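Since the structure comes first, as structure tokens, the remarks are kept for the end.
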Amino acid sequence: MSETNTAIEPGAAPRSRAGKLLSVVVPMHNEAEVLGAFFERVEAALAPLGIAYEIICVDDGSRDATLAGLVERARRDPAAKVIALARNFGKEAALTAGIEAAEGDMVVPIDADLQDPPELIGEFVARWEQGYDVVYGARADRSSDTAMKRTTAQLFYQVFNRVSDLEIPESAGDFRLMDRQVVDALKLLPERNRFMKGLFAWVGFRQVGVPYVRPERAAGTTSMGYLRLFRFALDGITSFSTAPLRVWTVLGLASAMVATIAALALIGRVLIFGREVPGYASLMVVILLSFAVQMMAFGVLGEYVGRLYQEVKGRPIYVVRARIGFDR
Ligand code: UDP
Ligand code: MG
């Protein structure tokens with residue numbers, strides 16, 4: 001998944017965009033402020049590409065005028081299609097709804113706030129024609145993020161890439177172009193816990209990154225607070241790794257070994273030097289520490305059991321309230 005690889009990969013057949021359809025998929029939560037600018041930029045970027053396109057906007061339970069704006073747009077713009085979810089299901093669910101509804105030979109998920117420059121799609125299509133199945137936008141730097149967000153993101157990717165069998169490029173977001181084959185593979189993954197970046201990586205295929213500088217949000221405010229990002233990170237790691245569960249086996253074995261050695265040493269000492277007054281402080285430390293470790297193990301177990309419970313219930317990932325602009 002080299003970002004600088006410009007050669008056509010071996011075995012990759014060149015493709016042509018002629019007669020193909022491109023689906024742009026946009027999850028939207030309270031994006032009324034950027035709606036107009038978004039459509040203007042996207043359509044200006046897509047028009048010169050010489051390819052038919054549809055823009056599937058998924059209203060993820062917005063509380064502002066997003067849906068009204070979308071409906072109005074779909075009325076006069078044949079490329080615009082709208083899926084209104086029954087409530088706020090979260091970006092990953094909204095993205096899933098849009099990807100499942102997309103009919104294109106290529107599918108491009110993109111944020112509504114113009115942090116993913118639509119002008120890059122032209123380059124994505126060119127790379128797709130070279131034979132790549134996935135072309136992702138690779139953030140050249142994260143200067144538009146706060147230092148705190150940069151550090152936590154970096155930490156997350158380090159942990160994720162270490163504990164899972166997958167490798168998610170740290171620079172990649174959801175902004176990418178996927179071939180129909182990739183989308184069909186993605187649609188086979190039934191899990192409710194949808195860490196999209198992980199799912200994208202899981203399906204594989206020939207991938208390449210196109211570097212870009214990620215600008216700030218065009219207008220409006222982010223829906224992703226730190227608490228939400230933390231939960232999101234937990235979702236990501238638990239979906240793709242059981243390492244956090246196995247850690248406790250190792251830790252348990254290690255402490256059993258230490259305890260055995262300590263017990264043997266203590267018995268030896270009593271046999272040689274006779275009985276001594278037991279140390280209250282050291283006993284307390286051992287009890288508290290082992291209690292804490294056990295609680296943490298329970299906590300980790302709980303994270304997995306809770307997610308297992310959610311998967312087992314098998315509820316749908318999202319509920320659609322209305323579809324506008326499809327079938328025409
Ligand atoms: N989004 C969504 N549902 C949510 C939160 C966000 O569909 O519950 C959409 C949002 O409208 C935007 C994209 O996901 O198109 C990225 O969200 P945002 O810009 O708030 O996140 P950030 O860029 O700060 O990570
Ligand atoms: Mg954003």
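The values are calculated or read from the model by the stated rules, or taken from the named source; none is laboratory data. Predicted, not measured: the structure shown is a model, and the values here were computed from it. Please note: Cβ atoms are built from the backbone with ideal geometry, for glycine as well, and neighbour counts cover all protein chains shown. Side chains are part of the model used for accessible areas, which takes the heavy atoms of the whole protein and leaves out ligands, DNA and RNA. Shrake-Rupley method; radii C 1.70, N 1.55, O 1.52, S 1.80 Å.
Summary table
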quantity: Test result for ALA281, open to solvent by less than 60 Å² (accessible area, probe 1.4 Å) and part of a helix (DSSP H, G or I); calculated: no
quantity: Residues that are surrounded by 15 or more Cβ atoms within 10 Å (Cβ to Cβ), of a type outside the set (Lys, Arg), over 22 Å from ILE317 (Cβ atoms) and within 16 Å of ligand 2 (Cβ to nearest atom), drawn from the stretch 181-221; calculated: TYR212, ALA218, ALA219, GLY220
quantity: Subset of the stretch 220-229 [free of Cβ contacts under 8 Å to residues at least 60 places away in the same chain and either under 20 Å from LEU283 (Cβ atoms) or assigned to a helix (DSSP H, G or I) (or both)]; calculated: LEU227, ARG228
quantity: Residue within the stretch 244-263 that is within 30 Å of THR146 (Cβ to Cβ) and assigned to a helix (DSSP H, G or I) present; calculated: yes
quantity: Tally, over the stretch 51-63, of residues that are open to solvent by less than 60 Å² (accessible area, probe 1.4 Å), away from ligand 2 (no atom under 16 Å from the Cβ) and of a type outside the set (A, V, I, L, M); calculated: 4
quantity: Close pairs (9 angstrom Cβ cut-off, 6 or more residues apart or separate chains): farther than 22 Å from LEU22 by Cβ in the stretch 51-66, more than 13 Å from ligand 1 (Cβ to nearest atom) and hydrophobic (A, V, I, L, M, F, W, C) anywhere; calculated: GLY61/ALA86
quantity: Filter pass, LEU251 being in contact (Cβ under 8 Å) with a residue 40 or more places away in the chain and either open to solvent by 50 Å² or more (accessible area, probe 1.4 Å) or not aliphatic (A, V, I, L, M) (or both); calculated: yes
quantity: Search result, residues across the stretch 175-207 that are closer than 25 Å to TYR304 by Cα and in contact (Cβ under 8 Å) with a residue 60 or more places away in the chain; calculated: LEU186, LYS187, GLU191, ARG192, ASN193, ARG194, PHE195, MET196, PHE200
